[in-house]
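In what follows, a single structure is set out as structure tokens and then discussed.
Coordinate-derived values only; no laboratory data. The model shown is predicted, which means the values in this text are computed figures rather than measured ones. With ideal geometry, Cβ positions are generated from the backbone for all residues, glycine too; neighbour counts draw on all protein chains shown.
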């Protein structure tokens with residue numbers, strides 16, 4: 001049965017394009033078909049076309065057999081391996097079909113499939129040159145890694161074989177650190193999403209009076225065991241700083257470190273001393289206030305005027321004016337310099353309650369079971385309730401039982417029947 005639907009023509013067009021490509025390759029030499037296969041095998045797994053690879057290998061094996069090529073039997077073996085697996089043996093391609101990597105890169109640029117290029121107006125361009133302002137930092141970082149043994153010197157260019165991959169280095173400017181740019185290599189890696197611990201995870205496993213320690217791993221890119229002693233707390237304490245906030249197990253609350261108060265006060269007074277500031281500066285200030293939300297009650301409620309000013313400045317392309325409500329809101333935060341209070345952790349309590357109820361034409365009854373025990377309740381229907389619809393009576397039995405429990409817990413019983 002032919003496939004129907006909006007995507008039927010896509011499958012047909014794809015099949016016709018593949019058929020035309022195979023027909024075009026029928027007249028080419030074995031070496032020409034090998035180049036096509038190598039370019040296909042060099043693609044990331046996400047962009048790899050298994051059907052096209054099998055078709056190309058079949059064409060290669062047939063052409064080699066017809067032309068009496070000495071590698072015809074080897075091509076048949078590679079074809080069988082590819083047919084049995086979802087992805088081809090790329091290493092096998094590299095061993096059997098040696099090819100200049102630079103020529104393959106030029107071929108990618110010509111076909112507009114370069115991963116490291118940028119597309120403008122449908123064209124592929126080489127990225128522009130960038131002035132390196134972190135040369136000294138990069139040099140120091142590489143030297144320290146060579147000293148620690150995390151990085152090995154490959155050799156002088158021209159004297160040793162070139163590496164298989166040449167990946168650029170990048171520098172995180174806000175918090176200077178050297179990182180290898182592995183985006184190209186990651187195209188062949190399976191994604192393994194994970195989530196780092198947040199401050200809120202502490203409330204799940206830190207109880208009242210617990211002692212805490214902290215060990216900070218350093219330089220994870222070095223693939224070694226390194227500990228940053230400056231951020232470690234190896235002696236057990238009851239108030240531990242974690243991710244910028246102090247976790248006090250005695251108060252069961254997050255506390256602001258003094259250095260954060262000083263840093264915020266310095267930035268706040270700098271903004272108050274000016275009539276206008278940049279959007280970036282005021283965003284940095286509001287970012288600090290939002291992070292205080294776990295330690296200062298209602299911190300986000302006293303940032304509204306600044307958020308409105310940021311929105312207005314971004315819309316008009318102007319700077320933020322420090323006047324009126326914005327200035328009053330900033331001055332309000334001066335209380336934080338001498339504030340010594342805290343915001344307790346919200347206690348989570350999970351209870352399981354089993355409720356059973358039943359009713360007849362003249363009476364209802366219910367049982368509520370908790371870990372403390374079971375409570376029973378019952379009463380007679382009034383005359384007007386007995387004449388109701390059965391669905392309403394069934395619903396009222398659950399309502400009466402629930403109301404009895406709330407009255408019992410709140411000690412609101414009056415007379416002989418708390419539910420009335």
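Using the basic label-point model (7 angstrom from Cα toward the beta carbon), what is the residue 353 to residue 392 distance in nanometres?
The two pseudo-label positions are separated by 2.6 nm.
Please compute the modelled spin-label separation between residue 192 and residue 66, points set 7 Å along Cα→Cβ, answer in nm with one decimal.
Inter-label distance under the simple model: 4.7 nm.
Return the whole-Å distance between the Cα centroid of segment 139-167 and the Cα centroid of segment 236-253.
Distance between centres, Cα-based: 42 Å.
What nm value, rounded to one decimal, do you get for the distance between residue 171 and residue 372 when each label is placed 7 Å out toward the C-beta?
A separation of 6.5 nm, rounded to one decimal place.
Which FRET efficiency value, to the nearest 0.05, do you get for residue 151 and residue 181 by plugging their Cβ-Cβ distance into 1/(1 + (r/R0)^6) with R0 = 22 Å?
0.90
Round to a whole angstrom and tell me the spacing of the C-alpha centers of segment 293-367 and segment 258-281.
Measuring centre to centre over Cα atoms gives 23 Å.
With contacts defined as alpha carbon pairs under 8 Å and 6 or more residues apart, what's the relative contact order of segment 133-218 in percent?
In percent, rounded to a whole number, it is 16.
At a Förster distance of 25 Å, what's the computed FRET efficiency of residue 261 paired with residue 140, Cβ-Cβ distance as r, to 0.05?
0.20
Rounded to the nearest 0.05, what FRET efficiency do residue 399 and residue 200 give with R0 = 51 Å and r taken as the Cβ-Cβ distance? Could you check?
With R0 = 51 Å, the Cβ-Cβ based efficiency is 0.85.
At 0.36 nm per residue, and after removing the present C-alpha to C-alpha distance, how many nm does the segment from residue 218 to residue 304 gain when stretched out fully?
So the chain would gain 27.2 nm between residue 218 and residue 304.
Can you compute log10 of I(q)/I(0) for segment 135-186 with the Debye formula, treating each Cα as one identical point scatterer, at q = 0.16, 0.26, 0.28 Å⁻¹?
-0.59, -1.20, -1.21
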